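Report on one structure; see the data block that follows.
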Amino acid sequence: MEKFITDEIQDAAIKDLGKLVSVASYNEPAEPNAPFGKGPKAALDKVLEIIGNLGFKTYEDPDGYYGYADIGEGDETFGIVGHVDEVPAGNLEAWDVEPYQLTEKDGKLYGRGTQDDKGPTIAAIYAVKSILDKGYKLNKKIRVIFGTDEEILWRCLAEYNKKEDPIDLGIAPDAEFPLIYAEKGLQQSHLFGPGSTELNIDLENAFNAVPGKAIYNGPKQDEVMKALKAHNFEADQTADGIEVHGHSVHAMNAPEGTNAVVRLGIALADVYPDIKVLQFLKDFGEDANATNLLGDISDDVSGKLTFNISSLKITPEESKMQIDMRIPVKIDHDELIQKVSDAVAKYDMRYENFDYVAPLYVPTDSTLVKTLMQTYQDLTGDTESQPAISGGATFARTMHNCVAFGGMLPTTPDFMHQANENWSKADMRKAMEIFAEAIYRLCF
């Protein structure tokens with residue numbers, strides 16, 4: 001195989017990564033032509049400057065949502081889909097280095113965005129450059145697409161897809177090798193029902209996490225505590241009231257968690273049998289696959305539906321719950337939503353959509369997946385790791401015939417969203433080699 005990545009290429013990539021890391025690009029209040037704040041807009045400007053200097057033709061959305069850079073010609077377009085926004089650095093005292101200054105230490109590159117997703121995006125850009133530097137002629141147009149709202153609501157690529165032509169195939173270098181070929185549909189919703197003058201409760205949590213605790217400070221505490229004990233649910237009496245204990249996990253892994261809000265709701269249903277939403281929770285039970293509610297919802301690719309109830313609010317006017325569903329890729333979305341609506345209607349509740357992200361599914365026997373997998377195996381010798389299925393979400397699902405491909409190796413420690421985020425130079429080098437060979441096989 002051709003050796004595409006040289007020390008000079010990697011050094012240049014690291015230098016440009018430093019320029020991008022120096023731009024703090026977390027979500028902030030909107031400004032003119034900067035819908036997600038000045039940071040993401042500045043990072044978009046910077047990455048387009050970087051890639052423009054490498055010979056790509058750049059374009060920036062006039063409204064500031066996204067940008068892209070093209071090189072080559074052909075009847076098909078190969079897309080590389082990354083993002084330049086990031087989460088905030090958080091507690092600066094937890095960092096050993098300045099988060100917005102790329103720092104090399106012990107063979108590692110430290111800085112916010114080095115793993116997610118500035119580092120892999122720069123690595124993929126320089127992988128393309130390394131092939132072009134060898135004089136090879138593209139048989140496809142390559143388009144590198146830059147999102148600015150991946151960490152929040154993906155509004156950037158929603159705008160891209162409204163305004164731009166679709167790619168024909170592509171990769172999103174924002175996950176782990178070897179690749180993710182199936183991502184469940186992501187549905188976040190509210191369930192509304194009758195209120196109650198007997199009980200006022202407000203347990204609000206993030207959609208995408210199984211709640212690990214729930215505090216109850218309302219009336220009838222002795223009865224509620226007795227009901228919790230009768231169900232063998234762990235709980236303590238505290239100065240703030242009753243604290244119900246659970247085990248928090250990401251909503252995509254909901255069956256592995258213990259939902260403290262649901263447990264409290266089940267116990268409250270024994271004490272307040274006339275409150276409809278509580279009876280719903282009791283009948284739903286501790287069933288994060290929703291089989292009690294919907295029956296078996298699964299397919300032969302991505303497994304079972306997960307159904308996370310993260311929040312519960314009861315006022316005299318209404319009751320409200322938040323739910324997060326990860327939907328198997330072959331399940332019809334509209335039919336499922338109708339099934340949920342019909343099931344909750346029995347409790348005088350109604351379903352309301354909040355946000356939906358369609359699933360990703362590219363068959364493992366497709367040319368794209370087979371080529372990427374063969375490339376990964378050839379360059380790593382790893383024949384154990386297999387194409388993956390995820391309940392999570394990457395930008396790959398926003399594009400046609402696109403999969404998440406790298407840039408972290410299976411052995412790379414995960415520092416995404418954490419203090420001291422870093423990516424080792426050795427792992428970056430291997431990712432660049434894999435990207436370059438895969439793009440060469442698909443586009444040259």
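The values are calculated or read from the model by the stated rules, or taken from the named source; none is laboratory data. The shown structure was predicted, so the numbers you read here are calculated from the model rather than taken from an experiment. Using ideal geometry, Cβ is built from the backbone for each residue, glycine included, and neighbour counts are taken over all protein chains shown. Only protein heavy atoms, including side chains, enter the accessible area calculation; ligands, DNA and RNA are left aside. Shrake-Rupley method; radii C 1.70, N 1.55, O 1.52, S 1.80 Å.
So, counting K/R as plus one and D/E as minus one, what does the shell of residues with Cβ under 10 Å around Gln374 add up to?
Taking every Cβ under 10 Å from that of Gln374, the sum is 0.
Stretched out straight at 0.36 nm per residue, the stretch from Ser366 to Lys162 would grow longer than its current Cα-Cα span by 70.8 nm.
Taking amide H as placed 1.01 Å from N in the peptide plane, the amide H of Gly79 sits under 5 Å from that of Arg143, Asp168, Leu169, Gly170, Ile171, each at least 5 places away or on another chain.
When all protein chains stay in place and ligands, DNA and RNA are ignored, the 1.4 Å accessible-area order of Trp423, Trp154, largest first, is Trp154, Trp423. For region 330-337, 3J(HN,Hα) computed residue by residue from phi via the Karplus equation (6.51, -1.76, 1.60; θ = phi - 60°) reads 9, 7, 5, 4, 5, 5, 5, 4 Hz, glycine and proline entered as x. Of all beta bridges that DSSP places with both ends in the chain, some 75 percent have antiparallel geometry. Sequence-ordered 3J(HN,Hα) estimates for region 308-320 from the Karplus curve with 6.51, -1.76 and 1.60 and θ = phi - 60° stand at 10, 9, 9, 9, 9, 9, 10, 10, x, 7, 6, 10, 8 Hz, glycine and proline given as x. Expressed as a whole percent, how much of the Cα-Cα distance distribution for region 69-215 exceeds 29 Å? Tail fraction, whole percent: 39.
Charge tally around Ile331: other residues with Cβ under 14 Å, Lys/Arg +1 each, Asp/Glu -1 each, net -2.
For the pairs Lys220/Lys304; Lys38/Lys162; Lys162/Lys430, flag any whose C-alpha to C-alpha distance is greater than 30 Å.
Lys220/Lys304; Lys162/Lys430
So how far, in whole Å, is the C-alpha centre of region 185-233 from the one of region 22-38? Here the two parts' Cα centres lie 36 Å apart.
How much length would be gained if the chain were fully extended between Glu76 and Asp63, taking 0.36 nm per residue of separation minus their Cα-Cα distance, in nm to one decimal? If you can, show how the numbers build up before the last one.
On the way: separation 13, 0.36 × 13 = 4.68 nm, distance 2.68 nm.
Full extension from Glu76 to Asp63 adds 2.0 nm.
Could you give the length gained by full extension between Met1 and Gln338, i.e. 0.36 nm per residue of separation minus their alpha carbon distance, to one decimal place?
Full extension of this stretch gives 116.0 nm more.
Summarising the amide proton neighbourhood of Ala175: residues at separation of 5 or more, or on other chains, whose placed amide H is nearer than 5 Å comprise Phe405, Gly406, Gly407, Met408. For the chain, averaging the sequence separation of C-alpha pairs within contact (under 8 Å, six or more residues apart) and dividing by the residue count gives a relative contact order of 23 percent. Among 31-38, 388-395, 134-141, 430-437, sorting by the average number of other beta carbon atoms lying within 10 angstrom of each residue, highest first, gives 430-437, 388-395, 31-38, 134-141.
With all protein chains in place and a 1.4 Å probe, the accessible surface of the chain carries 45 percent carbon and sulfur.
Note that the chain presents 42 Å² accessible area per residue, ligands and nucleic acids not counted, probe 1.4 Å. Two numbers describe the Cα atoms of region 262-364: Rg and Dmax, which are 14.8, 52 Å. In this simple spin-label approximation, Lys346 and Glu204 carry label points 7 Å from Cα along the Cα→Cβ vector, and these lie 3.1 nm apart. Highest mean packing comes first when the peptides 321-330, 401-410 are listed by Cβ atoms within 10 Å, giving 401-410, 321-330. Taking the Kirkwood radius as Rh and the Cα radius of gyration as Rg, region 67-109 has a ratio of Rg/Rh equal to 1.20.
Label point of Asn292 set 7 angstrom out along Cα-Cβ; within region 228-262, amide nitrogens under 16 Å from it belong to 228-234, 255-262. Quick one: helix 221-230 against the long Cα principal axis of the chain, what's the angle to the nearest 10°, folded into 0 to 90? It works out to around 70 degrees. Return the ratio Rg/(2.2 N^0.38 Å) for the chain, where Rg is computed over Cα atoms only. Relative to the 2.2 N^0.38 Å estimate, the chain comes out at 1.08.
The long axis of helix 367-380 is offset from the longest Cα principal axis of the chain by roughly 70 degrees. Normalised by residue count, region 152-201 yields a Cα convex hull volume of 190 Å³ per residue.
3J(HN,Hα) along region 254-260, derived from phi through the Karplus expression 6.51 cos²θ - 1.76 cosθ + 1.60 where θ = phi - 60°, amounts to 3, x, 8, x, 10, 8, 5 Hz, with x in place of Gly and Pro.
Electrostatic tally near Ile9: other residues with Cβ closer than 14 Å to its Cβ, Lys and Arg +1, Asp and Glu -1, net -1.
Quick check: pseudo-label points 7 Å beyond the Cα along Cα→Cβ at Gln377 and Gln418, how many nm apart are they? Inter-label distance under the simple model: 3.1 nm. When you count the other C-beta atoms within 10 angstrom of each residue and take the mean per peptide, 228-237, 206-215 line up highest first as 206-215, 228-237.
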